[in-house]
Amino acid sequence: MYSKIVILHFPPEVAQNALVCQLTKKFDLMFNILSAKISSRKEGYMVLEISSANRSGFNKGVKFLKDQGIKVSSPEHEIFKDEEICTHCGACTAVCPTEALHIQRPEMQVLFDKEKCSVCELCILTCPSRAMGLFSKNTEEVV
Ligand code: SF4
Ligand code: SF4
């Protein structure tokens, strides 16, 4: 059995399609949704554990998702918060689905708990100061 956690980023034009369900139908893959935030006609993300009888089946399923316009990344990437740049505006806490970014009161400081981060990258898109970033823990590609 081959199993791997991947992060899917859905552009608005495919967010309403039930593409993940087709992994089972078309490629006989099993999946477990660990975290997700998707709404119709808006971009979204999903953290998914995909299991397959072998690596080849996994690769075919991921290629199918990519061919549909979904960006597939792996949690070998990590999010970092640049404390020198952060203005503690709080914008990122409104989009963070796991509360990895949260406001500490009464100081009103925005804190980042890396252990809770699902690497959905929503904070990177939201931060007006570009204080949130992504770095690679290694160079492994998802297919
Ligand atoms: S959105 Fe950016 S600047 Fe604002 S609190 Fe979050 S990391 Fe800091
Ligand atoms: S990538 Fe950013 S928004 Fe997503 S879970 Fe991690 S800290 Fe929260």
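The values are calculated or read from the model by the stated rules, or taken from the named source; none is laboratory data. All values reported here derive from a predicted model rather than from experimental measurement. Using ideal geometry, Cβ is built from the backbone for each residue, glycine included, and neighbour counts are taken over all protein chains shown. Side chains are part of the model used for accessible areas, which takes the heavy atoms of the whole protein and leaves out ligands, DNA and RNA. Shrake-Rupley method; radii C 1.70, N 1.55, O 1.52, S 1.80 Å.
Cys127 passes every criterion in (1) surrounded by 15 or more Cβ atoms within 10 Å (Cβ to Cβ); (2) touching a residue at least 60 places away in the same chain (Cβ under 8 Å) apart from (2).
Among the residues making up the range 44-70, those that are within 14 Å of ligand 2 (Cβ to nearest atom) and either over 18 Å from Gly133 (Cβ atoms) or open to solvent by 70 Å² or more (accessible area, probe 1.4 Å) (or both) are Gly44, Met46, Val47. Filtering the range 16-35 to residues that are part of a loop (DSSP other than H, G, I, E, B) and not polar (S, T, N, Q) leaves Ala18, Leu19, Val20, Cys21, Asp28, Leu29.
Tell me yes or no: at least one residue of the range 133-143 is open to solvent by less than 20 Å² (accessible area, probe 1.4 Å), more than 16 Å from ligand 1 (Cβ to nearest atom) and within 22 Å of Leu23 (Cα to Cα). Quick ask: steps written out before the conclusion?
First, pick out the residues of the range 133-143 that are open to solvent by less than 20 Å² (accessible area, probe 1.4 Å): 133, 142.
Then keep just the ones that are more than 16 Å from ligand 1 (Cβ to nearest atom); that gives 142.
Narrowing the set further to residues that are within 22 Å of Leu23 (Cα to Cα) leaves 142.
Yes - at least one qualifying residue is present in the range 133-143.
Do the conditions hold for Glu115, that is, is it surrounded by fewer than 16 Cβ atoms within 10 Å (Cβ to Cβ), in a loop (DSSP other than H, G, I, E, B) and either within 7 Å of ligand 1 (Cβ to nearest atom) or modelled with pLDDT under 95 (or both)? In short, no.
Taking the conditions exactly as written (within 23 Å of Ser3 (Cβ to Cβ), assigned to a loop (DSSP other than H, G, I, E, B) and more than 9 Å from ligand 2 (Cβ to nearest atom)), does Pro106 satisfy them or not? The answer is no for Pro106.
Which of the residues that make up the range 71-85 are under 15 Å from Asp113 (Cα atoms) and open to solvent by 50 Å² or more (accessible area, probe 1.4 Å)? Show your work before the answer.
First pass over the range 71-85, keeping only residues under 15 Å from Asp113 (Cα atoms): 78-83.
Within the range 71-85, Phe80, Glu83 qualify.
When the residues of the range 29-43 are narrowed to those that are closer than 15 Å to Ile5 by Cα and out of contact with any Ser or Thr (no Cβ under 9 Å at 6 or more places or on another chain), which ends up surrounded by the most Cβ atoms within 10 Å (Cβ to Cβ)? It would help to see each step written out before you state the result.
As a first pass, look at the range 29-43 and keep what is closer than 15 Å to Ile5 by Cα: 29-36.
Going one step further and asking which of them are out of contact with any Ser or Thr (no Cβ under 9 Å at 6 or more places or on another chain), we end up with 33, 36.
On the way: Ile33: 11, Ala36: 16.
Among those that are closer than 15 Å to Ile5 by Cα and out of contact with any Ser or Thr (no Cβ under 9 Å at 6 or more places or on another chain), it is Ala36.
The number of residues in the range 95-112 being within 13 Å of ligand 1 (Cβ to nearest atom) and open to solvent by less than 80 Å² (accessible area, probe 1.4 Å) comes to 11. Screening Glu84 on (1) outside the structural domain of Asp28 (by TED's automatic domain parsing); (2) within 16 Å of ligand 2 (Cβ to nearest atom); (3) not aromatic (Phe, Trp, Tyr) shows it passes everything except condition (2). When the range 5-28 is examined, which residues are found to be free of Cβ contacts under 8 Å to residues at least 12 places away in the same chain, farther than 23 Å from Pro75 by Cβ and open to solvent by 70 Å² or more (accessible area, probe 1.4 Å)? Selection gives Lys25 alone.
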